[in-house]
Every structure is written in structure tokens, then in C-alpha cells.
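Here is the structure we will look at.
The values are calculated or read from the model by the stated rules, or taken from the named source; none is laboratory data. Remember, predicted model here, so these are calculated numbers, not experimental data. Neighbour counts run over all protein chains shown; Cβ positions are idealised from the backbone, glycine included. What goes into the accessible areas is simple: the full protein's heavy atoms, side chains included, and nothing from ligands, DNA or RNA. Shrake-Rupley method; radii C 1.70, N 1.55, O 1.52, S 1.80 Å.
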Amino acid sequence: MNPFAYTQPQDVGAALAALAAPGARPVAGGTNLVDLMKAGVMAPSALVDINALAGAGLDAIAEDGAGLRLGALARNADTAYHPLVRERYPLLSAAILAGASPQLRNMATNGGNVLQRTRCVYFYDTGAPCNKREPGTGCPAKAGINRQLAILGTSERCIATHPSDMCVALRALDATVHVRAANGERAIPFADFHRLPGDTPDVDNTLQPGELVTHIALPDGRRFARHSAYVKVRDRLSYAFALVSVAAALDLDEDGTIRAARIALGGVAHKPWRVEDAEERLVGHPAGEPAFAAAADRILHGARGWGQNDFKIPLAHNAVVQALTNAMRGGAR
């Protein structure tokens, strides 16, 4: 591990000043960043320990008008078990509890979760070329070990996948990421926060240097609370990344007609994957397998396997249908 400076600012202003230094990175739970540093994948010049900022309210989970405000320093476990989250956003609670292990959820923060680096065995292997780690060196995953990698939104430069379960639910729930820097604040729609690889796969998100995630805002999601479900298909039941995951939520009339739908996929792309057009086409149709299968077809239009991960395309189709069926039945409660 390379040497680095370490600071523990006691207020937001001091933290932002420290983060303005080139190569500085914030750290709270450290469940992803520290692993990357130990593996030599990342080498920040300075770590800015922001845990003391919890006293400034960055760990709060509270009502925000009709919605909810999730503090960036709130731990994943505290978020999943919070009464307001369980009552109004059971989809988010279910997604968080499907991720990692209890020990990691007790340490990992909401802000850190949205900043996770995308996953690929070659990215973590510093002895292998990787466009994400070293731009221009190539992407051996395309012809190599790619069983867990992306089938949507890929580029010739990268086929890595985003690892978060929480982020899949946040995408489905139309979350907004709020960030702050020394020169001001901005709100980033969740759809725009993570990036597809394109020609710059080394850039995972749209956060700018010196910016700090302060909280995540959720709009009123109570109309989806009764009919939502998170399906995660993985190689084992605990501590495993998704081969495919689906966050699904429905707003249904009394006769079962779909008034609105939300569907986001994980494990299939460089970012949580959502196709709003597929959701819109469900409106007015009776909830059931024919409509759900048509939505899955639309979501997976253009999907491409790379050999070992070809199976993900039919797997994702079936997972979408299953998640929507579970949601129809009230699966996340």
C-alpha cells in the first residue's frame, strides 16, 4: 500500500477543504475503498475520515416533505431497519438486506454504497491489463473470465458490472444524490449519477473532485409500498454479488390494472439498469405474466453476452417476470 496522509476533520467546512486536495478521498466505513487500497488498485494521496460529521446531521434519516432524506453517513443496517424505510420503502430495505453480510452492513454507509467501484476480476488483479484501472491497456474480460459481467450498456473498452444492491432499489425509487463542495451544492438525479463505460470506463460516476455526498433524497414512494419486491439471483445465499437482481414496484388499481411500474436491474450493466419505456408500456394492462414478459423483453432489448455470461440474458428475463409477480403479490413485506 502506498503512503497517504490521514485527517479527521470535525466539521463539514474542514472536510471540504481537505477533499479539495488532489488525490484526496473521503472514508467512513471503508468497506470498499480500503480493500482497493490494500490490493493496490487505488492509491489516494490522502484519506479524509468523515465519521465525525455525523454530528452535523449527515447520519440522519428523516422525513423530507412527503419523501425521505437518507444521510450519507447513516449505516446500511440502520437504513434497512429504520421504521420509515420499512414502512414506506420496503423495496429499499429488502435490497439492502440482500447485500453483503451483517458485519459489512453495520459498517458500510449510504454515501459509500453509491460510490462503490464496479466489479471485474481483471480490475482487481493489478497484474492484468484493465482499461478501468489503467486506461488504454485493454479489456481481457471480453474474451476471458466474464461469467459475472455485463450484458447491457457495455463498450469495447469495458464490460464490468456495478455491484450494489441498494443502488438498484434507489434507481427504481427515483432517488436523488445531494453533494456539496467548497463552491456550492448540487442535486444529481440517480439516473445520472452512475455512468456507462463508453470510452472512459475508469470514471464510474459523475461526482466531481472535492465533492462530498451529503444525503440521498427519496420522493414519496408510498403508492409502491404494498406491491414491491427485490429478487437477487446469486451463486450462494449470503455474501455474494448478484448474477442478476431486480427491484420491482407496482401501483395497482383494485381490479389489478397497472397504474404505474418501476423496474431496475443489477448485475447486468456498469450502472443500475432501468428502461422507463418498458414501465410506461405496462400502464393500463392487467398485472400478470403476459405483461411482465413483454416488459422483460423490452428491458433486455440489445442485450449481448460475451460467452461465459450468455446465460444471463434468459436469467434476467425470468428474474424480471418473477420480481414483478412477487410485487403483484406484495413480495417485499
Among the residues of region 260-278, count how many are buried (at least 22 other Cβ atoms within 10 Å of the Cβ) and on the phi < 0 side of the Ramachandran plot. 12
Looking only at region 244-296, count how many residues are in a loop (DSSP other than H, G, I, E, B) and hydrophobic (A, V, I, L, M, F, W, C). 5
Got a number for residues in region 100-117 being surrounded by 23 or more Cβ atoms within 10 Å (Cβ to Cβ) and at pLDDT below 95? 1
I'm trying to understand the selection: among the residues of region 77-89, which are of a type outside the set (Gly, Ala, Ser) and either open to solvent by less than 10 Å² (accessible area, probe 1.4 Å) or without any contact (Cβ under 8 Å) to a residue 40 or more places away in the chain (or both)? Asp78, Thr79, Tyr81, His82, Pro83, Leu84, Val85, Arg86, Tyr89
Quick one: would you say Leu91 is among the aliphatic types (A, V, I, L, M), in a helix (DSSP H, G or I) and under 30 Å from Met328 (Cβ atoms)? yes
Restricted to region 17-50, and to residues that are of a type outside the set (A, V, I, L, M, F, W, C) and either in a strand (DSSP E or B) or buried (at least 16 other Cβ atoms within 10 Å of the Cβ) (or both), which residue is nearest to the chain's Cα centre (by Cα)? Asn32
Under the condition of being open to solvent by 10 Å² or more (accessible area, probe 1.4 Å) and assigned to a strand (DSSP E or B), which residue from region 162-186 is farthest from Gln208 (Cα to Cα)? Thr176
For Ala249, are the conditions met, namely being more than 22 Å from Asp192 (Cβ to Cβ), modelled with pLDDT of 95 or more and open to solvent by less than 20 Å² (accessible area, probe 1.4 Å)? no
Take Arg222 and decide whether it is touching a residue at least 12 places away in the same chain (Cβ under 8 Å), open to solvent by 60 Å² or more (accessible area, probe 1.4 Å) and touching a helix residue (DSSP H, G or I) at 6+ places or on another chain (Cβ under 6 Å). yes
Just give me the residues in region 279-304 being crowded, with 16+ Cβ neighbours inside 10 Å and in contact (Cβ under 8 Å) with a residue 40 or more places away in the chain, in sequence order. Ala287, Leu300, Ala303
